[in-house]
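We did not get these values from a lab; they are worked out from the coordinates using the rules stated. Just so it is clear, the structure is predicted and the values come from calculations on it, not from any experiment. Cβ sites come from the backbone with ideal geometry, for glycine too, and all protein chains shown count toward neighbours.
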Amino acid sequence: MNVFAIQDVEGAEQLNNPRRRHNPQNPYEELNERQFIKFFRTCDSSLKIINVNARYPGSTNDAYIWNQCNVHGLMQQLHQVGHTYYFLLGDSGYPLRSWFLTPFNNV
């Protein structure tokens, strides 16, 4: 499949913070995003959501959440046994892997 002009891409990762009300009484919580819950989702090449993880607070590092995700382990296993034709796309907040493509910064 050819998605985003890259052949054989099977899906994409996205992490979102839902909007919430501004709380002027507690700027510390707002600064550290403690009131957020991060929604980490994976979609296939048809943009169908195939995995959702919403169990970490907003202050958690994106790469940490990704490393705890079931999809991470599955993709790692697939490539270890020779299925090297599956790829995921992610943003620059994630580490580059042979099966996880991230953009170049400042190009």
request  = Name the long-range amide H neighbours of G58: under 5 Å, sequence gap of 5 or more, or other chain; modelled H, no Pro or chain starts.
outcome  = F36, I37, K38
note = In nm, the gap between the two label points placed 7 Å beyond Cα toward Cβ at Y64 and T84 is 3.3 nm
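Going by the alpha-carbon gyration tensor, a ≥ b ≥ c the square roots of its eigenvalues, is the range 60-107 rounded (a/c under 1.5) or, if a/c is not under 1.5, prolate (a/b greater than b/c) versus oblate? Walk me through the numbers on the way to the answer.
Details: a/c = 3.19, a/b = 1.30, b/c = 2.45.
Oblate, since a/c reaches 1.5 and b/c is not below a/b.
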